[in-house]
Amino acid sequence: MKKPGLLLLPILAITLMLGGNAFAQNVGDNSVYFVTYYSNANTSGAPDGTLRLINDGDQATTAPEGVENGTLWADIYVFDDSQEMISCCSCFVTSDGLLSESVNKELTSDTFTARAEIQRGVIKVISSFGGTPEIPIPATGLRGWMTHIQATTNNIPTKKSGPDGSKGPWFVTETALADSNLTELEASNLGTVCSYGLASVGSGYGYCGCTPEDYDF
């Protein structure tokens with residue numbers, strides 16, 4: 001049996017001859033802005049949706065004692081189905097860390113207007129250096145997924161059935177967050193509306209909670 005070292009030598013030689021860089025050739029996704037939706041939140045009998053984000057270590061520069069630096073923040077902006085921002089927050093995610101956010105308990109539970117039972121809408125996430133959602137500083141490194149709560153029936157609401165109509169049973173799907181294009185105007189608008197909501201409209205309300213890192217559910 002050939003020794004592993006002898007097998008690697010020809011590969012290394014070819015790489016050097018071609019002037020290649022194995023790491024440089026693996027060009028990853030440089031997205032910093034992601035969008036998704038939530039549905040059937042705060043609905044009786046329906047399970048909770050979950051937003052999950054990881055830090056892929058892209059911003060790490062050192063690894064003292066095997067632990068990489070390069071902490072990022074997930075600037076999260078939550079909208080209802082009327083296109084109005086209802087909450088925002090900035091949650092830190094260390095390299096190789098996992099952040100899990102409950103739709104019912106964190107993302108929609110504390111809103112600018114204390115509006116209850118928000119059931120559907122849009123979630124936007126900026127991978128950021130900042131630490132404050134009012135001033136996002138885009139930086140690559142976060143990747144995310146979202147579980148979606150789907151109803152097997154979706155009847156039109158009536159006075160008899162209530163605001164949700166007749167729904168259920170439920171099933172859960174999970175998809176990656178959609179990569180999106182972040183313009184300066186969009187980043188500015190998100191930060192400005194978030195700042196206004198927290199300081200003026202919410203007066204202390206509307207900052208969505210951040211789950212302790214690596215606590216999943």
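Coordinate-derived values only; no laboratory data. Predicted model, so just to flag it, every value in this text is computed and none were measured. Cβ coordinates were reconstructed from backbone atoms using ideal geometry, including for glycine residues, and neighbour counts include every protein chain displayed.
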Original post:
To the nearest 20 debye, what charge dipole does the stretch 28-201 have about its Cα centre, counting +1 at the Cβ of each Lys and Arg and -1 at the Cβ of each Asp and Glu?
Top reply: 800 debye
Subject >> Loop-located trypsin sites (Lys or Arg not before Pro) in the stretch 89-133 whose Cβ has at most 14 other Cβ within 10 Å (DSSP) >> reply: Arg115
Original post:
Over the stretch 28-201, what relative contact order in percent results from Cα pairs under 8 Å that are six or more residues apart?
Top reply: 31 percent
Subject >> the stretch 28-201: radius of gyration over Cα atoms, expressed as a fraction of 2.2 N^0.38 Å >> reply: 1.10
Original post:
Among Phe129, Phe217, which comes first, then next, by fewest other beta-carbon atoms within 10 Å?
Top reply: Phe217, Phe129
Original post:
With θ set to phi - 60° and the Karplus curve 6.51 cos²θ - 1.76 cosθ + 1.60, what are the ³J(HN,Hα) couplings of the stretch 39-55 in order, to the nearest whole Hz, using x for Gly and Pro?
Top reply: 9, 6, 6, 6, 10, 4, x, 8, x, 7, x, 9, 9, 10, 10, 10, 9
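With a sphere of radius 13 Å drawn around the Cβ of Asp58, what net charge do the other residues whose Cβ falls strictly inside it have (Lys, Arg +1; Asp, Glu -1)?
-3
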